[in-house]
Amino acid sequence: MVQEALAPGPPQRHDLDANDESASLLLDLSQRYGDTFRLASQSRSNDSLVILNADDLHRVLQTHRSNYIKGIGIERVRVLLGNGLMASEGELWSRQRRLVQPAFHTQVIRSFTALMHRANAGLIERWSGHAARGESVNLTRDLSELALNIVLRAMFGTDLDRLIDAKGGNPFELLTSESRRDLPFAAKFRALTHHVLAMIAARRKEQRIEMDLLSTLMEVRDRDSGEAMPDRALLDELMTLIVAGHETTASALNWTWYLLSQNPEAEARLHSAIAAQAQAPMAGEESSATHPYVEQVLQEALRLYPPGWLFTRRALGDDVLGGFHVPAGTDVFICPYLLHRQTAHWHQPEAFDPLRFEPAAVDARHRFAYLPFSAGPRYCIGATFAMAEMTMHLGMVADRFRLQYDGPTPPAAEFQVNLRSRHDLHMRLVAR
Ligand code: HEM
């Protein structure tokens with residue numbers, strides 16, 4: 001039997017990671033070597049393989065997923081998240097995913113519509129004052145606070161207010177005030193677990209069940225054993241959901257507003273879509289009716305600036321990808337940021353054009369050409385939650401304001417665990 005050759009790649013050794021240096025290297029190498037290339041590692045025992053071919057992504061994430069675990073990309077994150085859904089593997093992951101999934105059922109997410117509405121109404125009220133005074137707002141910081149507030153309220157309900165009252169402030173705010181995601185940050189974040197344990201203990205003692213994620217996860221029972229989730233696992237899941245659900249959504253909205261500010265045609269179309277949405281039957285606070293264009297704007301922003309811009313898998317056994325031999329142990333890098341710019345799938349990829357997400361265009365495209373939420377069984381569990389939150393925000397805010405940006409274009413991007421803007425974006429608000 002003839003064995004396939006190894007994929008091409010540069011002679012120099014590199015350790016790919018979620019950082020700016022790796023981002024520019026990946027961009028350069030994809031132009032030189034195409035959609036499958038290999039990098040010898042500097043300090044690791046395994047080589048890295050970057051795959052940008054949609055059929056290979058389908059294979060790794062879906063059809064041959066049992067040959068792949070999460071790999072190197074998750075090792076750094078594990079310190080922060082513990083063994084929650086994002087980082088766990090095998091039996092533990094599949095049991096936990098089964099237990100957590102019902103908390104993200106569409107019906108449950110619908111029950112959060114009112115709290116998402118309230119949080120955005122509060123933001124709009126604050127912004128109205130700034131708009132009237134002709135002041136600009138720190139969009140990045142305000143969106144970070146909004147997204148944190150929404151995920152914490154969905155999780156802890158009114159216990160969050162009790163915690164804030166008792167502590168004289170929100171202890172979780174360090175997620176918005178600190179931007180580094182290094183070891184000292186991880187230690188401070190993990191120290192917050194005692195607040196969560198206290199909330200769990202109080203609910204047990206008072207036998208209190210609320211309509212929030214905490215109660216949903218406390219009440220869930222394993223279908224085989226009938227057992228509740230152990231506290232350690234519950235804690236890791238809650239901490240994971242806070243981190244995974246906060247910064248991703250805030251970054252996506254941050255980039256969305258920047259892109260809209262640069263594309264007046266799309267902005268005008270969005271305004272018409274929102275006007276049409278308001279006239280639809282059943283419109284209002286509890287309505288889930290969203291004009292397709294509002295979603296398309298977000299999908300297109302997630303294409304150009306996917307917060308999860310790079311993630312990994314590790315091959316357990318040998319495989320063949322892009323026609324090349326993949327030895328067991330290879331770290332496979334999946335880069336939505338580059339995938340979403342492949343001219344094989346995207347015409348003029350740098351252009352912001354939400355109509356790429358019209359149903360006929362989506363049907364005509366390879367399903368694995370677009371992976372902002374990944375795909376397959378480890379698909380983002382919070383995708384529906386995030387889209388509900390973001391469509392609500394965009395609909396409500398764009399109805400009231402235009403956001404004007406006059407900083408450097410494009411704003412410098414920071415390629416870390418998430419793809420964020422390097423500096424906070426400031427926007428001038430124009431009341432509509
Ligand atoms: C725009 C917003 C979001 C984006 C772009 C995003 C993106 C992603 C991506 C790319 C993955 C797969 C990572 C990998 O396979 O290594 C993922 C997984 C995950 N996401 Fe999200 N996410 C978003 C919002 C959320 C929200 C709101 C939550 C929860 C409240 C959440 C919770 C999770 C969890 C728990 C996983 C791990 C799922 C598993 O492996 O079973 N995400 N997300």
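The values are calculated or read from the model by the stated rules, or taken from the named source; none is laboratory data. These numbers were taken from a predicted model, which means no experiment stands behind them. All Cβ positions, glycine included, derive from the backbone under ideal geometry; neighbour counts span all protein chains shown. In case anyone asks, the SASA skips ligands and DNA or RNA and just uses the protein heavy atoms, side chains included. Shrake-Rupley method; radii C 1.70, N 1.55, O 1.52, S 1.80 Å.
Here are the numbers:
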| read-out | value |
| --- | --- |
| Solvent-accessible surface ranking, highest first, for K70, K167, K205 at 1.4 angstrom | K205, K167, K70 |
| Whole-angstrom gap from the range 344-398 to the range 82-123, using each part's C-alpha centre | 19 |
| Around L39: net Lys/Arg minus Asp/Glu count, Cβ-Cβ under 15 Å | -2 |
| Probe 1.4 Å - accessible area at I69, Å² to nearest ten | 60 |
| Whole-percent carbon and sulfur share, accessible surface of the range 278-431, 1.4 Å | 54 |
| Length gained when the stretch A351-R141 is fully extended (0.36 nm per residue, less Cα-Cα span) | 73.0 nm |
| Prolate/oblate/rounded call for the range 38-116, Cα gyration tensor, a/c under 1.5 rounded | prolate |
| Residue among L298, L163, L234 with the largest mean-square fluctuation in a Gaussian network model of the chain, springs linking Cα atoms under 10 Å | L163 |
| Average accessible area per residue (Å²) across the chain - probe 1.4 Å, nucleic acids and ligands excluded | 45 |
| Filtered GluC sites (Glu not before Pro), the range 288-354: DSSP coil and at most 15 other beta carbons within 10 Å | E350 |
| Segment N19-R400, extension gain: residue separation times 0.36 nm, minus the distance between their alpha carbons | 133.5 nm |
| Efficiency of FRET between R133 and E89 - r from beta-carbon atoms, R0 56 angstrom, step 0.05 | 0.60 |
| Span from the the range 1-62 Cα centroid across to the the range 203-246 one, whole angstrom | 39 |
| Furthest towards positive pole of dipole, N120, V332, L29, structure part the chain, Cβ charges | N120 |
| Accessible carbon and sulfur surface of the range 147-277 relative to its total accessible area, %, 1.4 Å | 54 |
| Estimated distance in nm for a label pair at L316 and R204, the labels positioned 7 Å out from Cα along Cα-to-Cβ | 3.4 |
